[in-house]
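No value in this document is a laboratory result; all are computed from the given coordinates. The structure presented is a predicted model; accordingly, all values stated were derived computationally and were not measured. Counting neighbours? That spans all protein chains shown, and the Cβs are built from the backbone with ideal geometry, glycine included.
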Amino acid sequence: MSFTTSNIGLSNLNNNVKNNKLTGGDIEYERIYRALNSLVKYFLHEVSPFEQNKNINKGNFEVVGGKTNNTELLTARQQHTFDYCMRILCSRLIPSITSDELHVSDLIKKKLIREHKSSSKALRFANLFTKLQAQSIVTRKWAVLYFLLSVSDQSNSNEMTGILNTAPIEQTFSFRGLQNIQNISSITPSPPRSTLRIQKEDPLPTKTGFPKQGPELDNSLNNKYNSEKLLLRDIIFIFQGINGQYIKWDNEAKSFIIDLKISINRSTVDLLHRLSELGFLYRRVEEFVKMNANDPFIGLVGQAFCSVLQHELTEYYRFIANLEAAITKEVDNQQFLTSGISLKRLLVWTQDSLFKLRIMSVLVECCKEKRGGALVSTIYNYTNHGDPFIQEFINKILEEISRPFFEMLQRWIYEGELDDPFEEFFVSCDQNVQEEDLWRSKYSILKDMQPTFISELLAKKIFSIGKSLNFIRYSCHDNDWVITNAKVAGMNKSLKYGDMVALESSIDATYTATSQRLLNILFTKYKLKEHFIALKRYLLLGQGDFIQHLMAQLGPGLGKPATTIYHHNLTGILEAAIRASNAQYDDPDILRRLDAGLLEVSSGDVGWDVFSLFYRVDSPLNTIFTPQAMHQYLKIFNLLWRLKRVEHDLSFCWRRNMTSARSFLRVEELQKEINTSRLVCSEMIHFVYQLQYYILFEVIECSWDELVTDIHNPSGDLDSLIEAHNKYLSNVANKSFLNASNNQNYLSRLLKIIGFIFQYKNCLDELHNLGVKETIRRDNNSGSRKDQNHSRNDNNSENPKAIQECLNEVASQFKSEVVNLLTALAHHQDTDLRFLSVSLDFNEFYHVNEKYPGSRKRTLGG
């Protein structure tokens, strides 16, 4: 940086003023001259501590009340300082480099890294530089940075030699002869602020910026140094939230006020305002600690938070005690003028404490109504800050207050115990829930108490670990493994805040071990897979030979009214069907759970309508096979049982029709109805067979294959297994018409079709009975041809026609409902159901009838 003399008349201004030769263009320079002269005299109306000590030691002059009688020395020093300031004003500072903000910031960063081993100061400067760039009101950012860099370089020059140790801010300018500068009054005083204010009776400032003097009672405060000494004593009390002699707390205004007896300038008021902020913040933090430290309802985390705040306040007390001791010592020894303690320096020294108290005050304000995990989350959100100091301080607080939370977490995932007396953990327990509902209802996640640093996936794993341990201990009765696992897993694995990688690793390992242990117990000790297979075989009719034997033996009895059927009879038939089929080789525990019974009986019900098979499950199997799941199994069984009954009845009718065809040849008037019934019966059998094939193979077997894949998933847990089983039942129910979709109730249509089949079967029974009676009558009647004709016309002239009308009507209704069902299935969103529509009408038989209703008569055998 070079200095060049300006061409303007500042250099000659002194001579012009002395000679009273000012021109019109020199008026502005005259103002600068007089202002500078007054400023130098004001600053140097006292000798600096360095000069004062020097002359005192030499005995050249005497100091009285902080002022010197050596006018000659004072005038010389004023003139020297004035000339130096004139040289600066008459020069232009022209840098020899290009104005590049980024380049200067890089130079400052390198300087900070070079002078300090830690990179924290460089990071802090980078943060401040980012904020500076965002300020639009500052236009000469490069000049500010270059000035600071230049001052920093010159502060270490040889000109500093011999200067006394002063505050860091004053050291920067001490080589210019400006060390130990006192408070400067502002021409426009700053207004009072929230934490410190002057009472309304305080006189207005004068034009010079100083307030007018107060009563004569406090003349000691009119002296600048005496007032600052007393204010320093007061400010120490303010730091501790205690009223001083001249600065006191006002409860109504919620701020500190200055006693109207004293009269100080506005710059000092601003300093006191900034210093009193410590007392304001201290009172807020201390009030929170006192109010909550002994309150048991704030919980363990809240008590830990109060403990951390109290520890920080203790450090703050130690700092204040050191300040108070230093001030008392120097004031008592009459070293106040030469000491390094002043309001300005006190402001610099208290910056770290002020910063911490500001952070604690913000945390106290936002955590008043928080507790437990919510309190931890609220404080954790403040770690997302660019300032390294704030991050470090918040993390330090979090490490302490989260200890109770992590102790609860550690006991939950290692022992399965929820030690949460104040409900601070994000897992809640309902003690009123029975053991049978332990997995489903006893435990739940409280979203409000879940810390932010624990993700949703990690929270689900933590939740599952604790539930699994409780399930193993209380439902599976394997407490020994839980105790052993807690000792092994918890050894040297203390959980704490800060090391999230280790936390997630520990939770993942515990989650895998606990889930595998639980599933292993269910599949080995409680034979879970065998129960899945048993339900598929018996309730979903997968054991064909058993179902055939059961239906054959139950058929005659289930045709009776339901009120005449007894449970012990059904049990005996069930056991006989088991012994007559391959079911006899199943596990006895499986067969013991199988039972036959009746559903709720209504008036007019027959045994076929209310018969059902049941499968009994107990704990812990009822966690997977819930009452809702077993109800789904029963619904599917009832549908399949009806289809089996229809198949059984239609097969019986077809066999009877085929075996009696030869004997009915002599009844010529029934041949048309008999031939037509064969076609319609074959059509119904085709419909039933295709529907059974679709449900048993396309639906149940394909869904079962997916369930088996999920069962053997090595990374699964009990929740995923329950979800897979529920998905399996849902697929079977949805694709078996048991659930309505697209505003179509397919089950009711299917049941209507089955009802028409039963009606048609009843009409076939009447037709068969009529044929049998006519055949028997003709065999027993040996009369004449005329007598035979006469008898036939008298007894059966009406029956064939009525039966024919019944058969035709029921067959027509059956075909109409089938067409409607196929039309709805053809537009279904599910591919399997559309494929079923194609299978039922692979040759477009029903579509032809739908397009040409007249062809329906042809399909009836006409």
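For the stretch 378-525, a crude dipole built from +1 on the beta carbon of Lys and Arg and -1 on the beta carbon of Asp and Glu, taken about the Cα centre, is about 500 debye to the nearest 20. Counting every other Cβ atom within 10 Å of each residue's Cβ, Phe147, Phe237 order from fewest to most as Phe147, Phe237. In the stretch 378-525, taking the dipole from charged Cβ atoms about the Cα centre, the farthest positive-side position among Thr383, Ala459, Pro421 is held by Ala459. Rounded to the nearest 0.05, what FRET efficiency is calculated for Asp832 and Lys141 with R0 set to 56 Å and r the Cβ-Cβ distance? Plugging the Cβ-Cβ distance into 1/(1 + (r/R0)^6) gives 0.20. Around the amide H of Val427, modelled in the peptide plane, lie the amide H atoms of Leu446, all under 5 Å away and 5 or more residues distant in sequence or on another chain.
Between Glu101 and Glu392, what's the calculated FRET efficiency when r is the beta-carbon distance and R0 is 25 Å? Round to 0.05.
Computed FRET efficiency for Glu101 and Glu392: 0.35.
Run the quick spin-label model on Thr571 and Gln310: label points 7 Å from Cα toward the beta carbon, then report their separation in nm to one decimal. If labels sit at Thr571 and Gln310, their model points lie 6.9 nm apart. Rounded to the nearest 20 debye, the dipole size of the stretch 571-658 about its Cα centre is 320 debye, using +1 on the Cβ of Lys and Arg and -1 on the Cβ of Asp and Glu. Once the chain from Lys368 to Ile776 is taken as fully extended at 0.36 nm per residue, the excess over their C-alpha distance is 137.0 nm. Approximating the spin labels as points 7 Å out from Cα along Cα→Cβ, the Asn243-to-Lys460 distance works out to 6.1 nm. Full extension of the segment from Asp295 to Arg579, taken as 0.36 nm per residue of separation minus the current Cα-Cα distance, would add 95.1 nm.
How much length is gained on full extension from Lys527 to Ser494, taking 0.36 nm per residue of separation minus their Cα-Cα distance? Don't skip to the end; give the middle numbers.
Details: separation 33, 0.36 × 33 = 11.88 nm, distance 3.65 nm.
That pair, Lys527 and Ser494, stretches by 8.2 nm at full extension.
Got a sec? Which residues in the stretch 389-423 would a label at Ile483 touch, if it sits 7 Å along Cα→Cβ and we count backbone N under 20 Å? Flagged as within label range: 411-419. Chymotrypsin sites (Phe, Trp or Tyr not before Pro), restricted to the stretch 618-705: which are DSSP loop and have at most 12 other Cβ atoms within 10 Å? Answer by residue number: there is no such site. The loop-placed chymotrypsin sites (Phe, Trp or Tyr not before Pro) in the stretch 493-577, going by DSSP, that have at most 14 neighbouring Cβ atoms within 10 Å of their Cβ come out as Tyr566.
Inter-label distance, Thr75 to Phe758: 13.2 nm, where each label sits 7 Å from its Cα along the C-beta direction. Evaluate E = 1/(1 + (r/R0)^6) for Ile445 and Leu634, where r is the Cβ-Cβ distance and R0 equals 25 Å; express this FRET efficiency to the nearest 0.05. It comes out at approximately 0.20. Placing unit charges on the Cβ atoms of the charged side chains and taking the dipole of the stretch 616-775 about its Cα centre, the candidate lying farthest along the positive direction among Trp704, Asn675, Gly771 is Gly771.
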